[in-house]
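Novice: To start, I am sharing the structure in question, which I have written as structure tokens.
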Ligand SMILES: O=C(O)CCC(=O)C(=O)O
């Protein structure tokens, strides 16, 4: 394992396989590790019975079946880093190589036997396409929830690291072979985590600019505050970790490693989309204000009803009262629309949007991209064309409706 430069508290261990209890913890968005929860899966048992080495790797040839396997191949100079490169672009491709299961596993076995620094990683292979794998596992649906989105198998040669990112779904990660060390940060760590630009997701998710195991403290001084909220766990075969939606995670994999994960929806798609649309709209609108000059901007957080404070207090604010009636009207309408957009969300997701508004829209912590000057405007620009497109569509709709009348 790589050197770990932090002394973090451990993820809570749950010494129970009671599905009712685990399901409750999942629904409560509490991370936990359940040791040995999947030790009885036929595939995990098969692994436990087989000595480490080529025979164990060979077990997975029938599991992967006859189809092609797409995988990431990393050169040695990348040092196993999977995620975002310094140019903010993906530094890997999920399908940089494709081969038969046998060829893929031989390559993996070669790298395990004689490490060169290169890595081969078949990430997120959907179990739906691997019937032989699915037959050797048992679903965790009883604890994950009713809304299973996708189950995947991840197989790698080891010493690769998926950089810090978060997903919108519940995630149950079960180890079949090898070891993972996973570091978790709650959604409230956002102001200290140096998120990469929202409009530049890598593999569909927002990442942190920070490389956890190579932390540049001079560039990212606030990250210490994120570490104060972090927890860590080492997973061995048979263990299951629950990563709640929105929790940032950093995943290191060691030795020949096989993991199965299941993503479950946590929130209604429609409610999320409505709140997210309004968030984007507010971001585009408020990004026009220079936070250094518009003194009431960061204070708006208080008046947005996220904390104690009402629109009446806002109206009484002297600096705000000094702005033009048109601007005051626009801001109050936006605040009301923000509240309305979140009305259908459960409390957990409301809290998340508050964190987002506070950070990106009201800029309570200053520029959301302190190391990337101009990036907030770039983000706002990428959102605005969408708004204009919709307005144009609406206008042309009205014109055509008018023409029919
Ligand atoms: O196991 C890994 O390498 C990454 C897993 C991950 O990021 C996820 O399940 O969301």
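The values are calculated or read from the model by the stated rules, or taken from the named source; none is laboratory data. Note that this is a predicted model, so its numbers are computed, not measured. Glycine also receives a Cβ, built like all others from the backbone with ideal geometry; neighbour counts cover every protein chain displayed.
Novice: Quick check: is even one residue across segment 148-157 in the same structural domain as residue 170 (by TED's automatic domain parsing) and out of contact with any helix residue (DSSP H, G or I) (no Cβ under 8 Å at 6 or more places or on another chain)?
Specialist: Step one: list which residues in segment 148-157 are in the same structural domain as residue 170 (by TED's automatic domain parsing), which gives 148-157.
Okay, now just the ones that are also out of contact with any helix residue (DSSP H, G or I) (no Cβ under 8 Å at 6 or more places or on another chain), so 149, 154.
Looking through segment 148-157, at least one residue is in the same structural domain as residue 170 (by TED's automatic domain parsing) and out of contact with any helix residue (DSSP H, G or I) (no Cβ under 8 Å at 6 or more places or on another chain).
Novice: Sticking with this structure for a sec: Could you check segment 119-202 for strands (runs of 3 or more DSSP E) lying wholly inside it with 1 or more residues that are on the phi > 0 side of the Ramachandran plot and touching a strand residue (DSSP E or B) at 6+ places or on another chain (Cβ under 6 Å)?
Specialist: 119-126, 170-185
Novice: State yes or no: is residue 290 within 15 Å of the chain's Cα centre (by Cα) and part of a loop (DSSP other than H, G, I, E, B)?
Specialist: Details: within 15 Å of the chain's Cα centre (by Cα): no; part of a loop (DSSP other than H, G, I, E, B): yes.
In short, no.
Novice: Another question, then. Can you tell me which residue in segment 147-168 is nearest to the ligand (Cβ to nearest atom), limited to those that are surrounded by fewer than 21 Cβ atoms within 10 Å (Cβ to Cβ) and over 14 Å from residue 251 (Cα atoms)?
Specialist: Result: 152.
Novice: Inside segment 239-280, can you point out the residues that are under 16 Å from residue 171 (Cα atoms) and more than 15 Å from the ligand (Cβ to nearest atom)?
Specialist: 267
Novice: I would also like to ask the following. If you scan segment 113-133, which residues turn out to be surrounded by fewer than 21 Cβ atoms within 10 Å (Cβ to Cβ) and over 23 Å from the mean Cα position of the chain (by Cα)?
Specialist: Scanning segment 113-133 gives 113, 114, 115, 116, 117, 118, 129, 131, 132.
Novice: Does residue 210 satisfy the criteria of being within 15 Å of the ligand (Cβ to nearest atom) and either under 21 Å from residue 359 (Cα atoms) or not in a loop (DSSP other than H, G, I, E, B) (or both)?
Specialist: No; evaluated as a whole, the condition is false for this residue.
Novice: If you don't mind, there's one more thing I want to ask. Which fully enclosed helices (runs of 4 or more DSSP H) of segment 1-116 have 3 or more residues being out of contact with any helix residue (DSSP H, G or I) (no Cβ under 7 Å at 6 or more places or on another chain)?
Specialist: Where helices (runs of 4 or more DSSP H) fall fully within segment 1-116 and carry at least 3 residues being out of contact with any helix residue (DSSP H, G or I) (no Cβ under 7 Å at 6 or more places or on another chain), they are 19-27, 42-49, 101-113.
Novice: Output yes when any residue across segment 322-340 is closer than 30 Å to residue 268 by Cα and assigned to a loop (DSSP other than H, G, I, E, B), and no when none is.
Specialist: No; the residues of segment 322-340 include none that is closer than 30 Å to residue 268 by Cα and assigned to a loop (DSSP other than H, G, I, E, B).
Each row is one residue, and each column tells you yes or no for (1) more than 26 Å from residue 154 (Cα to Cα); (2) in contact with a helix residue (DSSP H, G or I) (Cβ under 9 Å, 6 or more places away or on another chain).
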residue	(1), (2)
208	no, yes
221	yes, no
228	yes, yes
248	no, yes
279	yes, yes
291	yes, yes
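Novice: Is one or more of the residues making up segment 88-102 touching a residue at least 60 places away in the same chain (Cβ under 8 Å), surrounded by 21 or more Cβ atoms within 10 Å (Cβ to Cβ), under 23 Å from the mean Cα position of the chain (by Cα) and on the phi < 0 side of the Ramachandran plot?
Specialist: no
Novice: Kindly establish whether residue 144 is in contact with a helix residue (DSSP H, G or I) (Cβ under 8 Å, 6 or more places away or on another chain) and within 16 Å of the ligand (Cβ to nearest atom).
Specialist: yes
Results for (1) over 21 Å from residue 185 (Cβ atoms); (2) surrounded by fewer than 23 Cβ atoms within 10 Å (Cβ to Cβ); (3) outside the structural domain of residue 40 (by TED's automatic domain parsing), shown as yes or no for each residue.
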site: 236; (1), (2), (3): yes, yes, no
site: 245; (1), (2), (3): no, yes, no
site: 249; (1), (2), (3): no, yes, no
site: 255; (1), (2), (3): yes, yes, no
site: 258; (1), (2), (3): yes, no, no
site: 274; (1), (2), (3): yes, yes, yes
